[in-house]
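> Just dropping this structure here.
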Amino acid sequence: MKNKILVVDDNPDLREVISIFLTGEGYEVATASDGPEALAQIDDTIDLIILDVMMPGMSGYKVCAQLRECTMAPVLFLTAKTQDSDKAMGFSAGGDDYLSKPFSYNELLARVKALLRRY
């Protein structure tokens, strides 16, 4: 059975590249372009959420806090916000890991595997 990953980012090119990469690694991937779309897709089939912080309408921090009301799937923040205070906000909102953009796809894959192994 494949693990299912939800990739949430307002950048369609980045969503597509991450989706292709993770699908090639054997994962099932769903995508969302914003917070409300992501929240609508959450169910017990989602094993991991990769979540951007800076999205229009609803920040990734707010999305994560709402996700925690309905799922315990690990959340990996993937964002250009790199200050320690930004990371602290991500963890306070319920995030499990934090990867700064630009990022290495090998590091993304390693973090995905580590989070799925732990949860």
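Read-outs: derived from the displayed coordinates by stated rules, not from any lab. Not measured: the values here are computed from a predicted model. Glycine gets a Cβ as well: all are built from the backbone with ideal geometry, and neighbour counts include every protein chain shown.
> Under the Karplus relation 6.51 cos²θ - 1.76 cosθ + 1.60, θ = phi - 60°, what is the ordered set of whole-Hz ³J(HN,Hα) values for the stretch 18-32, x standing for Gly and Pro?
5, 4, 4, 4, 5, 4, x, 8, x, 9, 8, 10, 10, 10, 9
> Given (i) 15.5, 50; (ii) 12.7, 38; (iii) 13.8, 46 as candidate values of Rg and Dmax of the Cα atoms in Å, which corresponds to the one derived from the coordinates?
(ii)
> Got a sec to turn the phi values of the stretch 50-67 into Karplus ³J(HN,Hα) couplings, 6.51 cos²θ - 1.76 cosθ + 1.60 with θ = phi - 60°, whole Hz, x for Gly and Pro?
For the stretch 50-67, the Karplus-derived couplings read 9, 10, 6, 8, 8, 10, x, x, 9, 5, x, 4, 5, 4, 4, 4, 6, 4 Hz, x marking Gly and Pro.
> A further question follows. Filter K4/K113; K2/K113; K81/K113 down to the pairs with a C-alpha to C-alpha distance above 19 Å, please.
K81/K113
> From the backbone phi of the stretch 109-119, what are the Karplus-calculated ³J(HN,Hα) couplings (6.51 cos²θ - 1.76 cosθ + 1.60, θ = phi - 60°) in whole Hz, Gly and Pro given as x?
With coefficients 6.51, -1.76 and 1.60, one gets 4, 4, 5, 4, 4, 5, 5, 5, 5, 6, 10 Hz.
> Pick out which of V17, V75, V63 has the largest mean-square fluctuation in a Gaussian network model of the chain, springs linking Cα atoms closer than 10 Å.
Of the options given, V17 has the highest mean-square fluctuation.
> Between A110 and A80, what is the label-to-label distance in nm when each label sits 7 Å out along the Cα-to-Cβ direction?
2.5
> Just for the chain, what percent of DSSP beta bridges are antiparallel, to the closest 5?
Rounded to the nearest five, the antiparallel share is 0 percent.
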